[in-house]
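**Q** Here it is, the structure, as structure tokens.
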Number of protein chains: 2
Amino acid sequence: MTDALEAKKLLIRAVECDQSGRILEAQSLYQDGIAKLMSFVSSEPDDQRRKGFLTRIKEYMDRADAIKARVNGKLMLGEVVAHISIEENDTGYDYVQLFGKYMTDKTVEILIEEPYLTQNYQYQNLIRFLELAVTNCSEFKYLRLITKQDTANVDQQRTNLGQIKADLERRNVAFNIKYEDSLHDRKIYLSNGYIIKIGRGLHFYKANNPLYSIGLTNYRYRKCLQTDVDIWRNSSTGN
Amino acid sequence: MTDALEAKKLLIRAVECDQSGRILEAQSLYQDGIAKLMSFVSSEPDDQRRKGFLTRIKEYMDRADAIKARVNGKLMLGEVVAHISIEENDTGYDYVQLFGKYMTDKTVEILIEEPYLTQNYQYQNLIRFLELAVTNCSEFKYLRLITKQDTANVDQQRTNLGQIKADLERRNVAFNIKYEDSLHDRKIYLSNGYIIKIGRGLHFYKANNPLYSIGLTNYRYRKCLQTDVDIWRNSSTGN
């Protein structure tokens with residue numbers, strides 16, 4: 001009964017998110033809700049009730065499919081609105097300078113595809129990006145992160161991302177993590193319609209050298225690695 | 001002869017700084033120049049030349065005394081223009097929020113009295129302050145730091161501060177370090193006439209916990225220790 005209740009709660013929230021245009025979060029919630037429903041349908045002894053559940057599962061699956069089509073539409077690249085070529089050793093490119101202006105009150109959901117999250121500086125870059133999101137996007141409600149599993153350090157990665165998840169939840173931002181080992185390309189999708197593509201993803205800064213010098217904490221003064229930044233606006237209208 | 005030339009160069013720069021109102025830097029340069037002159041006067045065999053040098057040393061010492069009086073005047077507290085009481089666990093107090101608006105294009109010289117610079121996070125706080133100075137004060141030219149010697153780690157402290165000095169010099173900011181073991185009070189003097197007094201000096205942030213959470217790099221989200229921040233405007237007029 002707890003499972004059924006939990007499934008119900010997830011699916012109610014899924015429909016709410018769906019209706020308010022939070023399609024990434026709706027997608028996660030449909031998936032989780034459906035999985036939860038599935039898990040106890042098989043152990044339901046009453047045939048009639050089981051059929052009832054299956055009908056509802058089918059309904060939710062249809063909704064989830066519709067959402068998937070919308071998500072894919074949102075992720076389709078439309079036109080490039082800005083292109084920045086960062087040269088080796090360039091400075092002046094903190095995240096806020098590069099794409100702060102695209103992160104606005106209308107950015108409710110964010111999807112980050114970032115294959116590499118295994119080193120301390122990489123977790124730190126993720127936090128720096130999220131600090132910018134929390135600062136600029138007053139309505140930020142949902143984050144999905146797709147990354148590769150750190151096979152050398154599975155536990156550390158789960159602990160770190162788990163701590164980030166708990167921290168975001170305290171700020172009313174739901175955080176969904178998906179591991180995909182074949183991921184290569186880097187992409188950040190903002191629900192206000194902008195897509196940030198950086199050749200090196202979030203990790204295009206050189207280490208500060210010497211450590212205690214200007215650039216240690218303000219990355220505007222950090223030397224960069226060569227990479228290209230393209231800002232796209234997606235082709236589907238509105239949100 | 002190299003010593004004489006060097007002394008001459010120092011004293012010419014001292015007079016230049018003096019005339020352009022950069023009194024902290026002038027003070028350092030007079031001291032260094034006078035010390036350099038002294039060091040070879042005693043080995044000058046020609047009586048007449050020695051007298052000549054002594055006369056000039058006397059002149060420069062008078063100028064240095066006059067500067068000292070002006071520096072002391074500048075450091076005298078006038079009126080409090082802002083008072084902020086930070087409570088334990090408060091957030092929202094990055095340096096830029098607290099006193100960024102007092103650090104302006106008219107801040108040419110800065111004097112930091114900060115007794116404690118021995119731990120990594122303390123050097124990091126100094127860098128964070130300097131990043132703000134470099135960002136906000138386009139005419140920033142001279143920094144004097146007064147701090148206690150790290151008796152447990154003299155070499156490490158010299159290395160760290162030496163690296164910061166070299167870094168600032170690359171940005172055309174002269175950096176003078178003075179060790180004073182009896183220092184207790186914290187004070188930051190800005191040459192545009194503002195004096196920042198913080199009970200705990202630069203070090204009033206708690207460690208980020210857990211490490212990877214909002215607040216790791218943007219201190220606006222860091223929890224603080226209890227401390228008072230008073231911003232004074234000094235009583236002498238002008239710059």
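**Q** To confirm my reading of the symmetry, which residue of chain A has the Cβ nearest the axis that brings A onto B, and what whole-Å distance does it have?
**A** So the chain A residue sitting closest to the axis is A:Thr217, 3.
**Q** Return a whole-number percent for the relative contact order of the stretch A:1-152, with Cα pairs under 8 Å and 6 or more residues apart as the contact set.
**A** On the way: 132 pairs, mean separation 32.4, N = 152.
Relative contact order here is 21 percent.
**Q** Among rounded, prolate and oblate, which fits the stretch B:105-239 when a ≥ b ≥ c are the square roots of the eigenvalues of its C-alpha gyration tensor, a/c under 1.5 means rounded, and a/b larger than b/c means prolate?
**A** It is rounded, given that a/c, with a ≥ b ≥ c, falls under 1.5.
**Q** May I ask for the accessible area buried between chains B and A, both sides summed, probe 1.4 Å, to the nearest 100 Å²? If you can, show how the numbers build up before the last one.
**A** Values: alone 12940 and 12910 Å², together 23450 Å².
So the buried area, both faces added, is about 2400 Å².
**Q** For the protein assembly as shown, with every protein chain kept in place, what is the accessible area per residue (1.4 Å probe, Å²)?
**A** Result: 49 Å² per residue.
**Q** Hey, for a label at B:Ala152 modelled as a point 7 Å past Cα toward Cβ, could you say which residues of the stretch B:94-135 have their backbone N under 16 Å away?
**A** Only B:116-123 fall inside the zone, counting backbone N under 16 Å.
**Q** Now for a separate question. Mean shadow of the protein assembly as shown, computed from the convex hull of its alpha carbons, in nm²?
**A** Details: hull surface 117.9 nm².
Taking the Cα atoms of the protein assembly as shown, their convex hull projects to 29.5 nm² on average.
**Q** While we're here: Compute the label-point distances linking B:Asn172 to its equivalents in the other copies; points lie 7 Å from Cα along Cα→Cβ; give nm, one decimal, shortest first.
**A** 4.9
**Q** Another one. May I ask you to report, in nm to one decimal and beginning with the shortest, the distances from B:Thr2 to the same position in the other copies, taking label points 7 Å along Cα-to-Cβ?
**A** In ascending order, 8.0 nm.
**Q** Over all directions, the average projected area of the alpha-carbon convex hull for the stretch A:1-105 comes to how many nm²? Show your work: numbers first, answer last.
**A** On the way: hull surface 40.1 nm².
With every direction weighted equally, the projected area is 10.0 nm².
**Q** How far is helix B:120-136 tilted, in degrees, relative to the longest principal axis of the Cα atoms in chain B, given as a value from 0 to 90 rounded to the nearest 10?
**A** 80 degrees
**Q** Here's a follow-up. Which whole number gives the average, over all residues in A:206-215, of C-beta atoms from other chains lying within 10 Å of the residue C-beta? Walk me through the numbers before you get to the answer.
**A** On the way: counts 0, 0, 2, 1, 7, 6, 13, 12, 12, 4.
Mean inter-chain Cβ contacts per residue within 10 Å come to 6.
**Q** Using a simple spin-label model with points 7 Å from Cα along the Cα→Cβ vector, what separation in nm is obtained for B:Glu180 and B:Lys101?
**A** A separation of 3.0 nm, rounded to one decimal place.
**Q** Longer than 29 Å from Cα to Cα, which of B:Lys74/B:Lys206; A:Lys106/B:Lys206; A:Lys165/B:Lys187; B:Lys68/B:Lys148; A:Lys165/B:Lys206; A:Lys101/B:Lys101 are they? Say none if no pair is.
**A** In this structure, B:Lys74/B:Lys206; A:Lys106/B:Lys206; A:Lys165/B:Lys187 exceed 29 Å between Cα atoms.
**Q** So how far apart, in nm, are the two label points at A:Glu59 and B:Val80 if each is 7 Å from Cα heading toward Cβ?
**A** Once both label points are built, they end up 6.5 nm from each other.
**Q** Can I ask one more? For chain B, which whole-number percentage of the solvent-accessible area (1.4 Å probe, protein heavy atoms only) is attributable to carbon and sulfur atoms? Walk me through the numbers before you get to the answer.
**A** Values: 5610 of 11740 Å².
Solvent-exposed carbon and sulfur of chain B make up 48 percent of the total.
**Q** Using the Cα atoms of chain B, I'd like the radius of gyration and the largest Cα-Cα distance, Dmax, both in angstrom.
**A** Considering chain B through its Cα atoms, Rg and Dmax are 20.1, 71 Å.
**Q** List the aspartates and glutamates whose alpha-carbon lies under 18 Å from that of A:Lys51, not counting same-chain residues fewer than 8 positions away?
**A** Leaving aside aspartates and glutamates fewer than 8 places away in the same chain, those within reach of A:Lys51 are A:Asp3, A:Glu59, A:Asp62.
**Q** Also: Taking a label point 7 Å from Cα toward Cβ, how far is A:Lys58 from its twins in the other copies, in nm, shortest first?
**A** Inter-copy label distances (nm, one decimal, shortest first): 11.0.
**Q** Residues of the stretch A:123-157 with backbone nitrogen within less than 20 Å of a virtual label 7 Å along the Cα-to-Cβ line of A:Tyr116, please, listed as ranges.
**A** Only A:123-130, A:145-157 pass the distance filter.
The values are calculated or read from the model by the stated rules, or taken from the named source; none is laboratory data. Model, not experiment: these values are computed from the prediction. Cβ sites come from the backbone with ideal geometry, for glycine too, and all protein chains shown count toward neighbours. The accessibility values were calculated without ligands, DNA or RNA, using every heavy atom of the protein model including side chains. Shrake-Rupley method; radii C 1.70, N 1.55, O 1.52, S 1.80 Å.
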